[in-house]
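Reviewing the structure listed below.
The values are calculated or read from the model by the stated rules, or taken from the named source; none is laboratory data. Note that the structure is predicted; figures quoted are calculated from it, not measured. Reconstructed Cβ throughout: ideal geometry from the backbone, glycine too, with neighbour counts over all protein chains shown. To get the accessible areas, we keep the full protein, side chains included, count just its heavy atoms, and leave off ligands, DNA and RNA. Shrake-Rupley method; radii C 1.70, N 1.55, O 1.52, S 1.80 Å.
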Amino acid sequence: RVVADLGAEPPLPQMIEVYDDESLFRFLASPSDGTGPIRLWLGGGDLREGIAHGLARQVLLARGLHDPWLLEGVAAYEAGRALPLGEHWMAGRYAPAAQDGVRRHRDFPLEPPPSFEALPDDQAEVARVQAWSMVDYVVTRYGAGGLRRLVAEAVRRGSLTRALPAALGVDPDSFQEAWRKYALAGGVPEGLVEVARRFDPQRALEDIGALSSPAYDGRAAGTPGADRAAAYIAEQFAALGLEPMGDPLTTTETAARGYLQWFPISHTQVLTTPSLVLLDDQGDILLTFAYRDDFVEWGGAGEVEGDLVWVRAGSLEGMRFGGAVVVEREPSDPEVRLARLAERGAGGVLWVTEEPLEGPLPGMDGATDAAIPVFRISEPAFERLIDAAGRSMNEVRASPPALPLGVRVRQTLLRSPLTTTLTANVVGLWPGSDPERADEVLLVGAHYDHVGRAPDGLLFPGANHNASGVAALLEMARAWREAGYRPARTVLFVAWGAEEAGRAGVAHYLAHPAVPLTRTVGGIALDGVGGGRGYKMLYYGTREHDLPLIWRVEAASVALQRRSWRRGSTGEGWHVLFNREDIPTVKMIWEEAERAFYSPDDTVEAIDPDRLAASGEILTLTVAWLASK
């Protein structure tokens, strides 16, 4: 790659020495004149980057180039070219420092060229950042051919300043001023900003309205509603001209089905409306609780009638419940707690929560295979229960670790048997146009499934969660097509199935990827991008693992004058599984969107077009930028 980019061979043979002793490596630092071996420290980062940097310097020196700006800048640029998404890794590392240097007027004049080794460490770092940034600007503005002309003229004329007019038709002062503007803007390509502004929130709202309509029954994985939603998305992929990347077609299937990647999931559903009543010792009803207003199911199944026992202590040491129903505060680790309660003979469980009852959640029970029913009840319902039992809240607060309340409970949660059914991911590919980069694949994904209907028929539309993510993905592709944008890298569009069923769709894809994971260089996750209660879009990612993505999101937001904020951890969601495969990912979500994720009020009418537009524009520019260089 170095030879092809620079049009010259390095001196041969080449010796590359890799050290695991940092002090010895520092002592034997490679000579700056390009003679001798390329010396690298094993702990200094990706070895490809170091090799490319050293080879580029030796190629340039062998050609007779001695201008320090181009020597360092081209070597750093070539180091990034050696890595997947390497230009973006280098931008994440250097572009913020270049911005800061220009903003603080710490950038260097181009003449006379500095000797980096003679500068103090802090100034030398500023100079190296500037050198990389200027070369990055040359390639962005004038292309790879412009860089080769500039190097050739610098060899012929002896310096960058004398080479600029001949190679690029620009004088040094004009070049530096243009570069300063580029650095301050974060290097955002102006043409891609215009592409991003084509994102139409009204068209995206049409997709959200369709997917969250009653026709799709809340899109619970494994149901006909989810199958209809997958077919709708596949039709949109086909209309956009994406290449189908699902399962092979049979002769009787339509082309749209070629986008579907089918996989099995375990499926069950609540058969009747769950019930909860309080009984006296004669079996007469003392109090009936209202489903959804007073309680919702958390998980499990069964019908139980037993004594009610209040448990105050975290420890269950010495307790045996003998089929009694346990009522306690909602635990932080519900799966572990439920297992311990069941081991000690609890017949059912009521968890008192101070949070709003966001449910029922028919498609995402915490423990559908549990042998006992588990409900969440509200704080006011709990207080009425205590009063009906003839107790006071003060007694409850000051109770021993376990307190029988002297009443009985009938708790009913009936389910269909656990069966296996099929659901699908929807996978389409936009092929890259650059032969050198088309093998590198960016994945953009959003889950389309939601939680369906409650046992009493109440619809959970899932407009923001996550029809909005799917709609943004579709509208991004429409904006690209209308603008005539052609990505250099390949972009894979995926609408995941069964996210709410333990991320089953993503797990299946990772085991059976449409494109080898070794070619997948980054991922963008969309979830709840059309509404929330805050004022900015959040994006999750770490500088250590996701640097090329988070920097582009940040710079894109500034260029579009949209508000965004980075959260350091990767957050929860399917992208975490890609992170575990060592694939950089970023999750986009609107601030405080999660508050209404599992609410019947998550309708298309609650989507905020301005928030959807902000998220969609940032997404469109970020992915186009990552795919273009």
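For the stretch 513-605, which trypsin sites (Lys or Arg not before Pro) are both in a DSSP coil and crowded by at most 13 other Cβ atoms within 10 Å?
Values: sites: 519, 533, 536, 543, 552, 562, 563, 566, 567, 580, 587, 595; in loops: 533, 536, 562, 563.
Counting only loop positions with at most 13 other Cβ atoms within 10 Å, the trypsin sites (Lys or Arg not before Pro) in the stretch 513-605 are 533.
What's the Cα-based Rg to Rh of the stretch 473-577, Rh via Kirkwood? Kindly include the intermediate steps, with their values, before the conclusion.
On the way: Rg = 15.0 Å, Rh = 15.8 Å.
Checking Rg against Rh, the ratio lands at 0.95.
Roughly speaking, what is the centre-to-centre gap between the stretch 366-405 and the stretch 3-33 when only Cα atoms are used, to the nearest Å?
First find each Cα centre; the distance between them is then 70 Å.
May I have the extent of the alpha carbons of the stretch 181-231 along their three principal axes, as whole Å values ordered from largest to smallest?
Sorted from largest, the Cα extents of the stretch 181-231 read 54, 21, 15 Å.
Out of 130, 115, 140, whose Cα points farthest toward the positive end of the dipole of the stretch 106-154 (charges: +1 Lys, Arg; -1 Asp, Glu; placed on Cβ)?
My answer, from the dipole projection, is 140.
Identify, among 279, 188, 211, the residue whose Cα sits farthest towards the positive end of the charge dipole of the stretch 177-312, taking +1 on the Cβ of Lys and Arg and -1 on the Cβ of Asp and Glu, with the dipole about the Cα centre.
188
Along each principal axis of its Cα atoms, how long is the stretch 415-462 end to end? Whole angstroms, biggest number first, please.
If we take the Cα atoms of the stretch 415-462, the spans are 55, 24, 10 Å.
Taking a probe of 1.4 Å, how large is the accessible area per residue of the chain, in Å²? If you can, show how the numbers build up before the last one.
Details: 26000 Å² over 629 residues.
Heavy-atom accessible area per residue stands at 41 Å².
State the percent of C-alpha pairs, over all pairs in the stretch 273-421, separated by a distance greater than 25 angstrom.
Details: 2311 of 11026 pairs.
Value for the stretch 273-421: 21 percent of Cα pairs lie more than 25 Å apart.
At 1.4 Å probe size, with the rest of the protein present, what percent of the exposed accessible area of the chain is carbon and sulfur atoms?
Numbers: 13120 of 26000 Å².
Looking at the chain in its full context, I get 50 percent from C and S.
Which value, in debye to the nearest 20, describes the size of the charge dipole of the stretch 167-233 about its Cα centre when Lys and Arg Cβ atoms bear +1, Asp and Glu Cβ atoms bear -1, and nothing else is charged? Write down the numbers at each step before the final one.
Numbers: 7 positive and 10 negative charges, 44 e Å.
Taking the Cα centre of the stretch 167-233 as origin, the dipole is about 220 debye.
Which whole-angstrom value gives the distance between the alpha carbon centres of the stretch 431-481 and the stretch 62-103?
35
In bins 10 Å wide, starting from 0, what share of all Cα pairs of the stretch 42-164 does each bin hold, as a percent?
Bins of 10 Å from zero give 13, 46, 36, 5 percent of pairs.
Kirkwood hydrodynamic radius for the stretch 393-441: how many Å is it when counted over pairs of different Cα atoms?
Details: mean 1/r = 0.0533 Å⁻¹.
When all Cα pairs of the stretch 393-441 are included, the Kirkwood radius is 18.8 Å.
Using the eigenvalues of the Cα gyration tensor, what equivalent ellipsoid semi-axes result for the stretch 100-204 when each is taken as the square root of five times the eigenvalue, whole Å, largest first? Provide the component values of the computation, followed by the final result.
Numbers: eigenvalues 176, 73, 22 Å².
In descending order the semi-axes read 30, 19, 10 Å.
Show that you can apply the helix-only estimate: for the chain, add -39,500 (n - 2.57) for every DSSP H stretch of four or more residues, divide by all residues, and state [θ] at 222 nm to the nearest 500. Don't jump to the answer; show the numbers that get you there.
Working: 19 runs with 247 residues, N = 629.
Mean residue ellipticity at 222 nm (helix-derived): -12500 deg cm²/dmol.
What residue among 16, 65, 51 has its Cα farthest toward the positive end of the dipole of the stretch 16-67, where the charges are +1 on Lys, Arg and -1 on Asp, Glu, each on the Cβ?
So the residue we want is 65.
Taking the stretch 556-629 on its own, what percent of its Cα-Cα pair distances exceed 21 Å?
Details: 1088 of 2701 pairs.
Summing the P(r) tail past 21 Å for the stretch 556-629 gives 40 percent.
Enumerate the whole-percent occupancy of each 20 Å bin, from 0 to the last occupied one, for all C-alpha pair distances of the chain.
Using 20 Å bins, I get a P(r) of 18, 40, 27, 13, 2, 0 for the chain.
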